[in-house]
Amino acid sequence: MAQITRLQELFYEVKIGEVMTRKVIQVTPQTPMSEIRKLLREHRISGIPVMQDGRLEGIISIEDLIKTLAESAMDATAGERMTRNPVTLRQNEPVVVAINHFATLGYGRFLVVDEKGQMVGIVTRGDIIEGLLKKMEVEYHEEEIRRYRVSHIFEDVVSDRTSIVLRYNILARDFKHAGEASSNIKLILTRLGAPLEVVRRAAVATYEAEMNIILHTTEGGEIVAEIQPGRLILRAVDRGPGIPDIAKAMQPGFSTAAEWIRELGFGAGMGLSNIQRCANEMKLESPGQKYTLLEAIFYFNGKKEESTPRGETEKKKPIES
(Lines give C-alpha, C1' and ligand atoms only; values in the text may rest on other atoms or scores of the structure.)
Protein backbone atom coordinates (compact mmCIF):
# COMPACT_ATOMS: atom_id res chain seq x y z
CA MET A 1 0.00 0.00 0.00
CA ALA A 2 1.40 3.38 -0.99
CA GLN A 3 2.12 5.82 1.82
CA ILE A 4 0.46 9.23 1.73
CA THR A 5 2.72 12.11 2.74
CA ARG A 6 1.54 15.19 4.60
CA LEU A 7 2.20 17.25 1.46
CA GLN A 8 -0.16 15.04 -0.54
CA GLU A 9 -2.81 15.41 2.15
CA LEU A 10 -2.52 19.18 1.86
CA PHE A 11 -3.32 18.94 -1.86
CA TYR A 12 -6.85 17.98 -0.82
CA GLU A 13 -7.16 20.09 2.35
CA VAL A 14 -5.90 23.49 1.20
CA LYS A 15 -8.24 25.53 -0.98
CA ILE A 16 -7.15 27.46 -4.07
CA GLY A 17 -8.37 30.66 -2.42
CA GLU A 18 -5.78 30.17 0.34
CA VAL A 19 -2.78 30.16 -2.00
CA MET A 20 -3.86 32.43 -4.87
CA THR A 21 -2.67 36.00 -5.45
CA ARG A 22 -5.50 38.38 -4.65
CA LYS A 23 -4.05 41.66 -5.89
CA VAL A 24 -4.29 41.20 -9.64
CA ILE A 25 -3.24 43.76 -12.24
CA GLN A 26 -6.08 44.25 -14.71
CA VAL A 27 -6.56 45.88 -18.10
CA THR A 28 -9.59 46.76 -20.19
CA PRO A 29 -10.38 45.63 -23.75
CA GLN A 30 -9.26 49.09 -24.91
CA THR A 31 -5.75 48.82 -23.40
CA PRO A 32 -3.11 48.76 -26.20
CA MET A 33 -0.79 45.78 -26.38
CA SER A 34 2.24 48.07 -26.12
CA GLU A 35 1.12 49.05 -22.61
CA ILE A 36 0.43 45.44 -21.67
CA ARG A 37 3.96 44.57 -22.75
CA LYS A 38 5.31 47.07 -20.22
CA LEU A 39 3.06 45.74 -17.45
CA LEU A 40 4.15 42.14 -18.02
CA ARG A 41 7.82 43.13 -18.00
CA GLU A 42 7.70 45.51 -15.02
CA HIS A 43 5.70 43.20 -12.77
CA ARG A 44 7.30 39.98 -14.03
CA ILE A 45 3.98 38.25 -14.57
CA SER A 46 2.88 35.86 -17.30
CA GLY A 47 -0.73 36.92 -17.77
CA ILE A 48 -3.19 39.78 -17.24
CA PRO A 49 -6.99 39.47 -17.05
CA VAL A 50 -9.06 41.68 -19.30
CA MET A 51 -12.03 43.18 -17.42
CA GLN A 52 -14.99 45.28 -18.53
CA ASP A 53 -17.42 46.70 -15.96
CA GLY A 54 -16.43 44.02 -13.45
CA ARG A 55 -16.89 41.20 -15.95
CA LEU A 56 -14.10 38.89 -17.04
CA GLU A 57 -13.77 39.23 -20.81
CA GLY A 58 -10.56 37.30 -21.40
CA ILE A 59 -6.86 37.08 -20.61
CA ILE A 60 -3.65 38.25 -22.25
CA SER A 61 -0.78 35.81 -21.80
CA ILE A 62 2.88 35.85 -22.77
CA GLU A 63 1.92 33.64 -25.70
CA ASP A 64 -0.60 36.22 -26.90
CA LEU A 65 2.05 38.93 -26.64
CA ILE A 66 4.61 36.91 -28.60
CA LYS A 67 2.11 36.31 -31.41
CA THR A 68 1.31 40.02 -31.46
CA LEU A 69 5.01 40.92 -31.69
CA ALA A 70 5.53 38.41 -34.48
CA GLU A 71 2.69 39.99 -36.44
CA SER A 72 3.93 43.54 -35.70
CA ALA A 73 0.52 44.37 -34.26
CA MET A 74 1.52 46.15 -31.05
CA ASP A 75 -0.99 48.92 -31.77
CA ALA A 76 -3.81 46.42 -31.38
CA THR A 77 -5.93 46.44 -28.22
CA ALA A 78 -6.31 43.78 -25.57
CA GLY A 79 -9.84 43.12 -26.76
CA GLU A 80 -8.51 42.22 -30.21
CA ARG A 81 -5.68 39.94 -29.06
CA MET A 82 -6.96 38.38 -25.85
CA THR A 83 -7.91 34.75 -25.32
CA ARG A 84 -11.65 34.67 -24.75
CA ASN A 85 -13.50 32.41 -22.32
CA PRO A 86 -10.39 31.49 -20.35
CA VAL A 87 -10.40 28.41 -18.15
CA THR A 88 -11.08 29.45 -14.56
CA LEU A 89 -10.87 27.77 -11.17
CA ARG A 90 -13.11 28.30 -8.16
CA GLN A 91 -11.59 29.58 -4.95
CA ASN A 92 -13.30 26.92 -2.81
CA GLU A 93 -11.86 24.03 -4.85
CA PRO A 94 -8.93 22.08 -3.39
CA VAL A 95 -5.43 22.75 -4.66
CA VAL A 96 -5.34 19.31 -6.28
CA VAL A 97 -7.82 20.60 -8.91
CA ALA A 98 -5.38 23.34 -9.90
CA ILE A 99 -2.48 20.88 -9.96
CA ASN A 100 -4.42 18.61 -12.32
CA HIS A 101 -5.27 21.57 -14.57
CA PHE A 102 -1.62 22.63 -14.76
CA ALA A 103 -0.60 19.06 -15.61
CA THR A 104 -3.24 18.48 -18.29
CA LEU A 105 -3.57 21.91 -19.92
CA GLY A 106 -0.02 23.20 -19.55
CA TYR A 107 -1.03 26.79 -18.79
CA GLY A 108 1.17 29.03 -16.68
CA ARG A 109 -1.65 30.52 -14.64
CA PHE A 110 -5.39 30.30 -14.02
CA LEU A 111 -7.85 33.00 -13.07
CA VAL A 112 -9.81 32.26 -9.90
CA VAL A 113 -13.49 33.12 -9.46
CA ASP A 114 -15.96 33.00 -6.58
CA GLU A 115 -19.30 31.19 -6.46
CA LYS A 116 -20.88 34.03 -8.44
CA GLY A 117 -18.29 33.82 -11.20
CA GLN A 118 -16.59 37.08 -10.19
CA MET A 119 -12.81 37.12 -10.50
CA VAL A 120 -11.12 37.17 -7.09
CA GLY A 121 -7.52 36.26 -7.91
CA ILE A 122 -5.00 34.41 -10.02
CA VAL A 123 -3.01 31.28 -9.23
CA THR A 124 0.31 30.02 -10.61
CA ARG A 125 2.44 26.98 -9.87
CA GLY A 126 4.65 29.22 -7.78
CA ASP A 127 1.67 30.35 -5.71
CA ILE A 128 0.80 26.74 -4.93
CA ILE A 129 4.35 25.80 -3.94
CA GLU A 130 4.74 28.89 -1.75
CA GLY A 131 1.32 28.44 -0.15
CA LEU A 132 1.88 24.77 0.70
CA LEU A 133 5.34 25.46 2.12
CA LYS A 134 3.93 28.20 4.34
CA LYS A 135 1.16 25.87 5.48
CA MET A 136 3.66 23.17 6.40
CA GLU A 137 5.85 25.70 8.19
CA VAL A 138 2.91 26.95 10.26
CA GLU A 139 1.91 23.38 11.13
CA TYR A 140 5.48 22.56 12.12
CA HIS A 141 5.75 25.54 14.48
CA GLU A 142 2.30 24.85 15.95
CA GLU A 143 3.29 21.25 16.61
CA GLU A 144 6.58 22.37 18.17
CA ILE A 145 4.73 24.77 20.46
CA ARG A 146 2.25 22.06 21.47
CA ARG A 147 5.06 19.61 22.08
CA TYR A 148 7.01 22.16 24.16
CA ARG A 149 4.00 23.02 26.30
CA VAL A 150 3.04 19.41 26.88
CA SER A 151 6.62 18.28 27.55
CA HIS A 152 6.89 20.78 30.42
CA ILE A 153 3.81 19.52 32.26
CA PHE A 154 5.86 17.47 34.71
CA GLU A 155 8.15 20.44 35.39
CA ASP A 156 5.32 22.93 35.89
CA VAL A 157 3.13 20.80 38.15
CA VAL A 158 4.34 20.69 41.76
CA SER A 159 3.38 17.50 43.59
CA ASP A 160 4.99 14.53 45.31
CA ARG A 161 3.98 12.29 42.44
CA THR A 162 2.65 13.51 39.10
CA SER A 163 1.22 11.29 36.39
CA ILE A 164 -1.05 11.46 33.37
CA VAL A 165 -3.60 8.66 33.11
CA LEU A 166 -5.22 7.77 29.79
CA ARG A 167 -8.13 5.32 29.67
CA TYR A 168 -9.55 3.64 26.59
CA ASN A 169 -12.56 1.32 26.52
CA ILE A 170 -12.02 -1.54 24.07
CA LEU A 171 -15.02 -3.45 22.74
CA ALA A 172 -14.87 -7.08 21.68
CA ARG A 173 -14.95 -7.57 17.88
CA ASP A 174 -14.73 -3.80 17.33
CA PHE A 175 -12.40 -3.92 14.33
CA LYS A 176 -13.60 -0.52 13.13
CA HIS A 177 -11.78 1.24 15.97
CA ALA A 178 -8.87 -1.18 16.23
CA GLY A 179 -5.58 0.64 16.74
CA GLU A 180 -7.08 3.91 17.96
CA ALA A 181 -5.84 3.51 21.52
CA SER A 182 -2.29 2.73 20.43
CA SER A 183 -2.31 5.64 17.96
CA ASN A 184 -3.54 8.09 20.59
CA ILE A 185 -1.01 6.93 23.16
CA LYS A 186 1.77 7.18 20.57
CA LEU A 187 0.76 10.77 19.71
CA ILE A 188 0.64 11.87 23.35
CA LEU A 189 3.98 10.25 24.19
CA THR A 190 5.54 11.98 21.19
CA ARG A 191 4.20 15.37 22.26
CA LEU A 192 5.45 14.76 25.77
CA GLY A 193 8.93 14.39 24.34
CA ALA A 194 9.40 10.70 25.14
CA PRO A 195 12.30 9.02 23.28
CA LEU A 196 11.11 7.94 19.82
CA GLU A 197 12.50 4.44 20.28
CA VAL A 198 10.43 4.02 23.45
CA VAL A 199 7.38 5.52 21.74
CA ARG A 200 7.62 2.97 18.93
CA ARG A 201 7.97 0.03 21.33
CA ALA A 202 5.08 1.25 23.45
CA ALA A 203 2.88 1.70 20.37
CA VAL A 204 3.55 -1.87 19.20
CA ALA A 205 2.86 -3.31 22.64
CA THR A 206 -0.34 -1.28 23.03
CA TYR A 207 -1.58 -2.39 19.62
CA GLU A 208 -0.95 -6.06 20.46
CA ALA A 209 -2.79 -5.69 23.79
CA GLU A 210 -5.63 -3.86 22.07
CA MET A 211 -6.03 -6.59 19.44
CA ASN A 212 -5.95 -9.31 22.10
CA ILE A 213 -8.94 -7.70 23.81
CA ILE A 214 -10.80 -7.25 20.52
CA LEU A 215 -10.14 -10.80 19.32
CA HIS A 216 -10.07 -13.02 22.39
CA THR A 217 -12.54 -11.56 24.90
CA THR A 218 -16.29 -11.89 25.11
CA GLU A 219 -17.13 -8.44 26.47
CA GLY A 220 -14.05 -6.33 25.80
CA GLY A 221 -11.96 -4.53 28.38
CA GLU A 222 -9.90 -1.45 29.08
CA ILE A 223 -6.43 -0.14 28.33
CA VAL A 224 -4.89 2.29 30.80
CA ALA A 225 -1.68 4.18 30.12
CA GLU A 226 -0.11 5.92 33.11
CA ILE A 227 2.63 8.31 32.09
CA GLN A 228 5.03 9.27 34.86
CA PRO A 229 8.33 11.17 34.81
CA GLY A 230 10.72 8.66 33.31
CA ARG A 231 8.37 5.80 32.54
CA LEU A 232 5.10 4.53 31.07
CA ILE A 233 2.97 1.92 32.80
CA LEU A 234 0.61 0.17 30.40
CA ARG A 235 -2.24 -1.94 31.78
CA ALA A 236 -4.72 -4.00 29.79
CA VAL A 237 -7.55 -5.69 31.68
CA ASP A 238 -10.45 -7.59 30.17
CA ARG A 239 -13.77 -8.98 31.37
CA GLY A 240 -12.92 -12.58 30.53
CA PRO A 241 -12.51 -15.31 29.80
CA GLY A 242 -9.23 -15.79 31.62
CA ILE A 243 -6.11 -17.70 30.56
CA PRO A 244 -5.88 -21.30 31.87
CA ASP A 245 -2.10 -21.62 31.49
CA ILE A 246 -0.05 -18.40 31.59
CA ALA A 247 3.24 -20.20 30.87
CA LYS A 248 1.88 -21.75 27.67
CA ALA A 249 0.26 -18.51 26.58
CA MET A 250 3.64 -16.78 26.79
CA GLN A 251 5.28 -19.26 24.42
CA PRO A 252 5.83 -17.76 20.93
CA GLY A 253 3.45 -19.37 18.46
CA PHE A 254 1.06 -20.79 21.05
CA SER A 255 -2.51 -19.78 20.25
CA THR A 256 -6.02 -20.77 21.18
CA ALA A 257 -7.52 -18.50 18.52
CA ALA A 258 -10.74 -19.63 16.88
CA GLU A 259 -10.74 -20.49 13.19
CA TRP A 260 -12.52 -17.26 12.21
CA ILE A 261 -9.74 -15.27 13.86
CA ARG A 262 -7.09 -17.15 11.89
CA GLU A 263 -9.03 -16.54 8.68
CA LEU A 264 -8.74 -12.81 9.36
CA GLY A 265 -4.97 -13.14 9.51
CA PHE A 266 -4.66 -12.97 13.30
CA GLY A 267 -4.09 -15.57 15.97
CA ALA A 268 -0.46 -16.41 15.19
CA GLY A 269 0.32 -16.58 18.89
CA MET A 270 2.94 -13.81 18.84
CA GLY A 271 1.01 -11.01 20.55
CA LEU A 272 2.11 -11.61 24.15
CA SER A 273 5.69 -12.42 23.19
CA ASN A 274 5.83 -9.22 21.13
CA ILE A 275 4.66 -7.22 24.13
CA GLN A 276 7.27 -8.89 26.33
CA ARG A 277 9.98 -8.14 23.79
CA CYS A 278 8.98 -4.46 23.56
CA ALA A 279 8.58 -3.75 27.28
CA ASN A 280 11.31 -3.35 29.90
CA GLU A 281 9.13 -5.25 32.36
CA MET A 282 5.98 -7.28 31.87
CA LYS A 283 3.56 -9.10 34.15
CA LEU A 284 0.58 -11.25 33.12
CA GLU A 285 -2.04 -12.53 35.55
CA SER A 286 -5.36 -14.34 35.25
CA PRO A 287 -6.87 -14.59 38.77
CA GLY A 288 -9.17 -17.58 38.98
CA GLN A 289 -9.07 -17.74 35.16
CA LYS A 290 -11.93 -15.23 35.20
CA TYR A 291 -10.20 -12.26 33.60
CA THR A 292 -6.74 -11.23 32.44
CA LEU A 293 -4.53 -8.40 33.67
CA LEU A 294 -1.48 -7.40 31.64
CA GLU A 295 1.00 -4.83 32.90
CA ALA A 296 3.98 -3.61 30.88
CA ILE A 297 6.49 -0.94 31.92
CA PHE A 298 8.62 1.17 29.59
CA TYR A 299 11.51 3.22 30.99
CA PHE A 300 12.33 6.32 28.99
CA ASN A 301 16.07 6.02 29.64
CA GLY A 302 16.06 2.25 29.20
CA LYS A 303 16.31 1.34 32.88
CA LYS A 304 14.55 1.89 36.19
CA GLU A 305 15.49 5.18 37.80
CA GLU A 306 16.07 5.67 41.51
CA SER A 307 13.42 8.38 41.53
CA THR A 308 10.79 5.97 40.27
CA PRO A 309 8.29 5.27 43.07
CA ARG A 310 9.13 1.93 44.66
CA GLY A 311 6.80 -0.84 45.63
CA GLU A 312 4.37 -2.93 43.73
CA THR A 313 1.92 -1.11 41.53
CA GLU A 314 -1.67 -1.28 42.68
CA LYS A 315 -3.39 -4.42 41.48
CA LYS A 316 -6.40 -3.71 39.35
CA LYS A 317 -9.69 -5.50 39.82
CA PRO A 318 -11.70 -6.73 36.89
CA ILE A 319 -13.95 -4.16 35.26
CA GLU A 320 -17.47 -4.24 36.56
CA SER A 321 -19.86 -5.16 33.80
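The values are calculated or read from the model by the stated rules, or taken from the named source; none is laboratory data. None of these values were measured; they are calculated from a predicted model. Methodologically, a virtual Cβ is constructed for each residue, glycine included, from the backbone with ideal geometry; neighbour enumeration extends over all protein chains shown.
For Q251, indicate whether it is among the polar types (S, T, N, Q), over 25 Å from K304 (Cα atoms) and either surrounded by fewer than 18 Cβ atoms within 10 Å (Cβ to Cβ) or in contact with a Phe, Trp or Tyr (Cβ under 9 Å, 6 or more places away or on another chain) (or both).
Here the answer is yes, as Q251 does meet what is asked.
Among the residues that make up the stretch 137-153, is at least one of them of a type in the set (G, A, S) and either in the same structural domain as I16 (by TED's automatic domain parsing) or within 28 Å of L56 (Cβ to Cβ) (or both)?
no
Scan (1) without any contact (Cβ under 8 Å) to a residue 40 or more places away in the chain; (2) over 21 Å from K303 (Cβ atoms); (3) in contact with a helix residue (DSSP H, G or I) (Cβ under 9 Å, 6 or more places away or on another chain); (4) of a type in the set (K, R) for the single condition R173 breaks and write down its number.
Failed condition: (1).
Having 2 or more residues that are at pLDDT 90 or above and over 34 Å from the mean Cα position of the chain (by Cα) is the bar; report the strands (runs of 3 or more DSSP E) wholly within the stretch 228-301 that clear it.
Correct list: 281-285.
What about I66, is it closer than 16 Å to Q26 by Cα and among the β-branched types (V, I, T)?
No; evaluated as a whole, the condition is false for this residue.
Looking only at residues that are closer than 23 Å to I128 by Cα and either of a type in the set (S, T, Y) or without any contact (Cβ under 8 Å) to a residue 24 or more places away in the chain (or both) in the stretch 54-80, which one is surrounded by the most Cβ atoms within 10 Å (Cβ to Cβ)?
By that ranking, first place goes to S61.
Just give me the residues in the stretch 41-53 being surrounded by fewer than 18 Cβ atoms within 10 Å (Cβ to Cβ) and either modelled with pLDDT of 95 or more or under 41 Å from the mean Cα position of the chain (by Cα) (or both), in sequence order.
H43, R44, S46
Name the residue that is surrounded by the fewest Cβ atoms within 10 Å (Cβ to Cβ), counting only residues in the stretch 81-92 that are among the charged types (D, E, K, R) and over 13 Å from I36 (Cα atoms).
R84
Is it true that some residue in the stretch 48-69 is outside any helix (DSSP H, G or I) and within 30 Å of E9 (Cα to Cα)?
No, every residue in the stretch 48-69 fails to be outside any helix (DSSP H, G or I) and within 30 Å of E9 (Cα to Cα).
Of all residues in the stretch 67-115, which are of a type in the set (S, T, N, Q) and under 29 Å from the mean Cα position of the chain (by Cα)?
Within the stretch 67-115, Q91, N92, N100, T104 qualify.
Looking at V112, V120, can you tell me which residue is touching a residue at least 24 places away in the same chain (Cβ under 8 Å), of a type in the set (V, I, T) and crowded, with 19+ Cβ neighbours inside 10 Å?
Just a single option satisfies the conditions, and that option is V112.
From the list G117, G179, which residue is over 30 Å from P241 (Cβ atoms) and modelled with pLDDT of 85 or more?
When all the criteria are applied, what remains is G117.
If T77 satisfies every condition in (1) out of contact with any helix residue (DSSP H, G or I) (no Cβ under 6 Å at 6 or more places or on another chain); (2) of a type in the set (S, T, N, Q); (3) closer than 28 Å to F11 by Cα but one, which is the exception?
Here T77 clears every test but (3).
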